[in-house]
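Worksheet for the structure shown next.
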């Protein structure tokens, strides 16, 4: 398929090789680290060539983990976010038909975050923001700021006024969470478990604490086919509706969510295929929330474009059958993201799909 849109595609600024090597030690097999180190800091050369070779018409890049969320000092986080956003804007401007970006933001101050997001959208042409889970703050970074709390309503108002999505991406466990949960089971850090555990907690917090009720036009994207949540829909919904809702009413909790988890996933939340190249699991998610809520993505360079394409394009008939036909295949590969991000023409944006 030509003209695909990819939304969870990471980069690191040039000059951050030591940090990238640390990330590679966590997430990349030893014999593949040379490739990763080369690709993570490249924006508009090899990345674009690989996209061209495999039918990706438009790539939205975003700062890799832990992003600005790993910077516990407020002033440094704000300074760094502005620096990175300006840098990536320069990197993508030569190929506007093939490259876009999500803003990185410091979330120490919701008002400042809204101002930086506004600048990035209105002045730099970015398509929204990607945050690496909660914001580390306080002494030693051990205060965790989640965006489901009332003080973040100021940020959510700006996000909805701009009508752009927020992508919530995982980050590795750190501090006491690492020490207590993962230090003795390091193989579970990242995609095997910790990523889904962290983002599912944050996303479910947005739901149960009423963020989407106070901001019904808010748009949130999560990767990896929903960070395990869709596969537990029935049980989550049963407990939220039949047990937790009566308890919330008993406790006088007026912030508790007004709708069901199914409603929010069909009205406010999108999931991407990033790093989850399985037709069977894709079919399950589409059956649960509909093809309109699913977006193609790769998770480059943690996953390879070649492997993703071998699935999406190499097994196209299997994928089409899983999602309910060629029209849904085209929606997931291109049209849903095109509508969500209000994209105009881009490379191969009108290419036929059959």
**Asked** Condition test on residue 205, is it under 18 Å from the mean Cα position of the chain (by Cα), within 22 Å of residue 337 (Cα to Cα) and touching a residue at least 24 places away in the same chain (Cβ under 8 Å)?
**Response** no
**Matching helices (runs of 4 or more DSSP H) fully within region 215-264 where at least 3 residues are in contact with a helix residue (DSSP H, G or I) (Cβ under 8 Å, 6 or more places away or on another chain) and either touching a residue at least 40 places away in the same chain (Cβ under 8 Å) or surrounded by 19 or more Cβ atoms within 10 Å (Cβ to Cβ) (or both)** = 224-227
**Message:** Quick check on my filter: what residues within region 8-40 are modelled with pLDDT under 95, outside any helix (DSSP H, G or I) and either under 21 Å from the mean Cα position of the chain (by Cα) or on the phi < 0 side of the Ramachandran plot (or both)?
**Reply:** 13, 14, 16
**Asked** Is it the case that region 305-324 has a residue that's closer than 22 Å to residue 221 by Cβ and within 19 Å of the chain's Cα centre (by Cα)?
**Response** yes
**Message:** If I filter region 117-128 down to residues being touching a strand residue (DSSP E or B) at 6+ places or on another chain (Cβ under 8 Å) and under 21 Å from residue 212 (Cα atoms), which single residue comes out as surrounded by the fewest Cβ atoms within 10 Å (Cβ to Cβ)?
**Reply:** 127
**Residue list for region 101-116, filter: farther than 16 Å from residue 135 by Cα and either crowded, with 24+ Cβ neighbours inside 10 Å or touching a helix residue (DSSP H, G or I) at 6+ places or on another chain (Cβ under 6 Å) (or both)** = 101, 102
**Prompt:** For region 170-189, how many residues are touching a helix residue (DSSP H, G or I) at 6+ places or on another chain (Cβ under 7 Å) and either surrounded by 21 or more Cβ atoms within 10 Å (Cβ to Cβ) or without any contact (Cβ under 8 Å) to a residue 60 or more places away in the chain (or both)?
**Reply:** 7
**Fill in**
For residue 316, the lone unmet condition from (1) within 26 Å of residue 267 (Cα to Cα); (2) surrounded by 15 or more Cβ atoms within 10 Å (Cβ to Cβ); (3) out of contact with any strand residue (DSSP E or B) (no Cβ under 9 Å at 6 or more places or on another chain) is (1)
**Message:** Condition (residue is in a loop (DSSP other than H, G, I, E, B), on the phi > 0 side of the Ramachandran plot, touching a residue at least 60 places away in the same chain (Cβ under 8 Å) and surrounded by fewer than 24 Cβ atoms within 10 Å (Cβ to Cβ)) applied to region 129-137: is it met by at least one residue?
**Reply:** no
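So which residues in region 90-115 are in a helix (DSSP H, G or I) and touching a strand residue (DSSP E or B) at 6+ places or on another chain (Cβ under 7 Å), if there are any at all?
To start, the set of residues in region 90-115 that are in a helix (DSSP H, G or I) comprises 90-92, 110-115.
Of everything in region 90-115, just one residue is in a helix (DSSP H, G or I) and touching a strand residue (DSSP E or B) at 6+ places or on another chain (Cβ under 7 Å), namely 92.
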**Asked** Can you name the residue in region 75-89 that is touching a strand residue (DSSP E or B) at 6+ places or on another chain (Cβ under 7 Å) and in contact (Cβ under 8 Å) with a residue 60 or more places away in the chain and is also nearest to residue 16 (Cα to Cα) among such residues?
**Response** 84
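The values are calculated or read from the model by the stated rules, or taken from the named source; none is laboratory data. Since this is a predicted model, take the numbers as computed values, not measurements. Virtual Cβ from ideal backbone geometry, glycine too; neighbours counted across all protein chains shown.
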